[in-house]
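One structure below.
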Amino acid sequence: MDPTKDRLVSRRGFLTVAGLGAVAAVSGCSSASRARISSLTAFSGGGSYGNPRYKAMYGRMVDHGEVIPAVNLSRVPERYLRREVADPTGEKPGTVVIDTSAKYAYYVMPGGRAMRYGVGVGREGFGWSGRAEVRAKKVWPTWTPPKEMIQRKPDLAEYASGMPGGIMNPLGARAMYLFQGNRDTLYRLHGSPEYWTIGTNDSSGCIRFMNQDIIDLYDRVKVGAPVLVQAGAYV
């Protein structure tokens, strides 16, 4: 068997624990600048899965040498695709608001507008809510399973020193780390190759985005940006 395929199969088996990257020890990846899709900003209003803007936003990307496959839009409810909307949160521009009940993330912009993204949230019992700030941002971060997880899943011992960033990494293309004062909340906003889980409670505490969306949000958010996570029902 091709050893490269072997490694990919092995990593694929760990994608279901993506949310547990919340307790990961993470480091950044240095690489060349990425090829950017010109229409990575969202459009306003409705549309359909056949709209070329959706296809451009969620098309194949080459990012820091990693190939991000195109999203199969038929597997993601249309309401969770990125779009600009009237800001429903009342928070100041630059704030990220996560509505865990509606499975939306909002990046508040000037002029009463917001960029809205669909997200996946933690299963019942693993969630976290409150105010925090983005203290660090990482590109293609390393994922390190906690000791408790390795005890439950001994096969993960292979990654005790960290799984390098890459398309099969549970933290996806980007991660942002939330702190309250000097305390790490162990809560992350991060990408995921499992785009079909957007809109579900299929992670263990973290907020997961489609990789194309976390890249867009990452480029907007500054270190120090305020974050509010709550069941806000901003719909």
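Data for the structure
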{"item": "Residues of the range 193-214 satisfying the condition of being part of a strand (DSSP E or B) and over 15 Å from ARG82 (Cα atoms)", "result": "SER203, ILE207"}
{"item": "Residue match in the range 210-223 (condition: closer than 15 Å to TYR106 by Cα, basic (Lys, Arg) and surrounded by fewer than 24 Cβ atoms within 10 Å (Cβ to Cβ))", "result": "yes"}
{"item": "The one condition in (1) touching a helix residue (DSSP H, G or I) at 6+ places or on another chain (Cβ under 9 Å); (2) within 27 Å of MET57 (Cβ to Cβ); (3) of a type in the set (S, T, N, Q) that THR185 fails to fulfil", "result": "(2)"}
{"item": "Leading residue by the ranking (modelled with the lowest pLDDT) among those in the range 139-155 that are buried (at least 20 other Cβ atoms within 10 Å of the Cβ) and at negative phi", "result": "PRO145"}
{"item": "Selection within the range 157-192 - under 20 Å from ASP219 (Cα atoms), modelled with pLDDT of 90 or more and in a strand (DSSP E or B)", "result": "ARG174, ALA175, MET176, TYR177, LEU178, PHE179, ARG188, LEU189, HIS190, GLY191, SER192"}
{"item": "Subset of the range 164-192 (residues that are over 15 Å from VAL134 (Cα atoms) and surrounded by fewer than 23 Cβ atoms within 10 Å (Cβ to Cβ))", "result": "PRO164, GLY166, ILE167, MET168"}
{"item": "Count of the range 209-233 residues which are touching a Ser or Thr at 6+ places or on another chain (Cβ under 6 Å) and modelled with pLDDT under 95", "result": "4"}
{"item": "Positions within the range 91-149 being of a type in the set (A, V, I, L, M), within 13 Å of ARG188 (Cβ to Cβ), in a strand (DSSP E or B) and within 16 Å of the chain's Cα centre (by Cα), in sequence order", "result": "VAL96, ILE98, ALA105, VAL134, ALA136"}
{"item": "Single unsatisfied condition, SER101 versus (1) at pLDDT 95 or above; (2) within 19 Å of GLY130 (Cα to Cα)", "result": "(1)"}
{"item": "Any hit, the range 153-175, residues being more than 20 Å from VAL229 (Cα to Cα) and of a type in the set (Lys, Arg)", "result": "yes"}
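The values are calculated or read from the model by the stated rules, or taken from the named source; none is laboratory data. Everything numeric here is computed off the predicted structure, so don't read it as measured data. Here the Cβ is made from the backbone with ideal geometry for all residues, glycine too, and neighbour counts use every protein chain on show.
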